[in-house]
Amino acid sequence: MSTTPSQTPIDYDVLIVGAGFAGLYALHKMRQSGFSAHIFEAGNGVGGTWYWNRYPGCRCDIESIHYSYQFDEDLQQDWVWTERYATQPEILSYIEHVADRFDLRKDIDLNTRVTDALWQEEDSCWLVKTETGQEVRARYCIMATGPLSVPNMPEFKGLETFTGDTYHTGLWPHDGVDFKGKRVAIIGTGSSAIQSIPLIAKQAKHLTVFQRTANYAIPAANRPLNAGELDAVKADYATLRTRGKQYPTTIPVDPAGPSALDVSDDERENIYEEWWQTKGLMFQATFADLLFVDEANDTVSDFVRRKIQSLVEDPKVAAILTPENPFGCKRMCVDTDYYKTFNRTNVTLVDVKETPIDRIVPNGVLVGETTYDIDAVIFATGYDAVTGAMTKMNIRGRDNIGLREKWGDSPASLLGITIHGFPNLFTINGPGSPSALVNMITGSEHHVDWIADCLLHLRESGNTMIEADKSAEDSWMAHNQVVGQASIRSACDSWYLGANIPGKPRVFMPYLGGFPAYAEKCAAVARDGYEGLEIA
Ligand code: N01
């Protein structure tokens, strides 16, 4: 590959898109590594997901002692989490604290949505344009745009005729919504709906839930964290963090055993009961084979189905809420009183699997022959996951090829970090990386550290350009599919596969081989002089 060193001045060594957990750490790390760096952020504040998602009940279902940065010991010693699972406001104040503590805000432009990123072959840099009319040139570009940041708004006929209010869980009004006295509809029963339904039901006059696919939800067992508990974690945080990285999900929880089929029925039932009561999201790790062996999965699917039937009083409602899919093929949900909410007299469940929503009418939602009178509709309909934020922008690499076109058939990437045809462009949590299958903060820090090491390597070797080889990218994505298909996670329509977005290629996007194998592959690529990438 031939390159001419840039003659045109660049504005930044590194331009970062997005000021969520990944983008903020990228800014800090790039500065520390001696690069000039800047962030463009579409929102009017830092926080990414935690800036936009303010729906009732919004909190993280990874425990707060894990769901935080680990790059700075003083930070992790100073911050005090108050609950086992932190609420959205608490997480947002943590992110804001980080932005202030590391003096990041001076290098962030808020309210600045990136529209275009155009590779400038002659100058080996990216020309980045924004909705506000800014144009900057950066040697490297890091897309810290989030895997679940572009709300999916399915087309519902007649929506424009609706006379009430509409909301999307991922774009919630900042001053909250008062549903008192209102007849509210919520469409969707994924994690966002499952967190918000119990709280909205308590406030609204009536809540009607439109469910297309029943989901598995595990009790969060949330509770306040006491000082003693936190102190014990902080006494040796480093060991906890190191241990975490030895687990597939980066959460250090050992399964009760290698196989659900190795124990007697009674023993298995007792273990499930104990984990159901205490483990929250990590219930999915009760036995190591639950997401890989059908017969093992049947045991846990059956256990949760029975739980649903015991929690929901009306057998007809319980039947609708009972998932047909195998446990874990869609992203597990974690709840507080979700199933019991359907025992309330002001909550109605409507099954829209066989008879889909026909249209939205001025005063409600029409399903088959029935009109449900509604004052406010909440769309809890998810996201154009993993690739959506990138394909929304006009990103053009070598030979003016658009990323949208390149990913039109299949979202290809080497390690979920770099893309053939798009030199000097890095993605955090891109397709082919563990992304949402691990603690997202741990995964993001890992990506940023890898990118920083890569840029230092380029600087020290007097190079200014790096690009994934097509063959390395192809072989990584082929491996990604093999690993993905070995798991029950790929067994049903889900956002993991892009199946929730009409026309999106059906490819298992997150890397399912577990964090240790993934991190070792990333380390090996770097150790071997960035094998599979061309440097010039
Ligand atoms: O979105 P989803 P989400 N008619 O895609 C339904 C993370 N997260 O925002 O399954 C009727 O899971 C759709 O139905 P179906 C987490 O990774 C984390 O809830 O396609 N229904 C489904 O029920 C999560 O997985 C936390 O049949 C329609 C729902 O909308 C991810 O974000 C909290 C429909 C969408 O569910 C996304 O979760 C919240 C239609 N036309 C979210 N179209 C944490 O705690 C869609 N649906 C960390």
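The values are calculated or read from the model by the stated rules, or taken from the named source; none is laboratory data. Because the structure is predicted, anything quoted here is derived from the model rather than measured. Neighbour counts run over all protein chains shown; Cβ positions are idealised from the backbone, glycine included. Surface areas here come from the heavy atoms of the whole protein model, side chains and all, with no ligands, DNA or RNA. Shrake-Rupley method; radii C 1.70, N 1.55, O 1.52, S 1.80 Å.
Here is the figure for the range 506-533: residues that are surrounded by 15 or more Cβ atoms within 10 Å (Cβ to Cβ) and not in a helix (DSSP H, G or I) total 11.
The test for being within 9 Å of the ligand (Cβ to nearest atom) and among the hydroxyl-bearing types (S, T, Y) holds for T189. A single member of Q211, Q203 is out of contact with any Phe, Trp or Tyr (no Cβ under 6 Å at 6 or more places or on another chain) and either within 11 Å of the ligand (Cβ to nearest atom) or not assigned by TED's automatic domain parsing to the domain that holds G57 (or both), and it is Q211.
Taken over the range 479-504, the criterion of being under 19 Å from T427 (Cα atoms) and in a loop (DSSP other than H, G, I, E, B) is satisfied by G498 alone. Out of S494, S461, S471, one residue alone is surrounded by 17 or more Cβ atoms within 10 Å (Cβ to Cβ), at negative phi and small (G, A, S). It is S494. Between L159, L127, L118, the distinction of being among the hydrophobic types (A, V, I, L, M, F, W, C) and within 16 Å of the ligand (Cβ to nearest atom) belongs to L159 only. Here W172 meets the list (1) within 14 Å of the ligand (Cβ to nearest atom); (2) not assigned by TED's automatic domain parsing to the domain that holds D335 almost entirely, failing just condition (2). If you go through the range 222-266 and pick out every residue that is assigned to a loop (DSSP other than H, G, I, E, B) and more than 22 Å from the chain's Cα centre (by Cα), you end up with 11. Checking the structure you have, find out if any residue of the range 122-129 is surrounded by 16 or more Cβ atoms within 10 Å (Cβ to Cβ), under 20 Å from E445 (Cβ atoms) and aliphatic (A, V, I, L, M). No, the range 122-129 has no match at all.
In this structure, L512 does not qualify as within 16 Å of the ligand (Cβ to nearest atom), touching a Ser or Thr at 6+ places or on another chain (Cβ under 8 Å) and without any contact (Cβ under 8 Å) to a residue 24 or more places away in the chain.
Considering every residue within the range 190-207, establish whether at least one is more than 30 Å from S301 (Cα to Cα) and hydrophobic (A, V, I, L, M, F, W, C).
Yes: one or more hits.
Considering Y216, Y247, the condition of being within 17 Å of Y67 (Cα to Cα) and open to solvent by less than 40 Å² (accessible area, probe 1.4 Å) is satisfied by Y247 alone.
Would you be able to tell me the number of residues in the range 358-390 that are open to solvent by 40 Å² or more (accessible area, probe 1.4 Å) and within 16 Å of the ligand (Cβ to nearest atom)? Adding up the residues that qualify gives 4. Suppose the filter is closer than 19 Å to A185 by Cα and aromatic (F, W, Y); does F342 pass it? The answer is yes for F342.
Across the range 91-113, not a single residue is classified as more than 16 Å from the ligand (Cβ to nearest atom), surrounded by fewer than 14 Cβ atoms within 10 Å (Cβ to Cβ) and more than 20 Å from L24 (Cβ to Cβ).
Within the range 46-55, not a single residue is over 21 Å from D175 (Cβ atoms) and not assigned by TED's automatic domain parsing to the domain that holds Q195.
The rows are residues; the columns are (1) under 27 Å from the mean Cα position of the chain (by Cα); (2) touching a residue at least 60 places away in the same chain (Cβ under 8 Å); (3) open to solvent by 30 Å² or more (accessible area, probe 1.4 Å).
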| position | (1), (2), (3) |
| --- | --- |
| G158 | no, yes, no |
| G176 | yes, yes, yes |
| I187 | yes, yes, no |
| A201 | yes, yes, no |
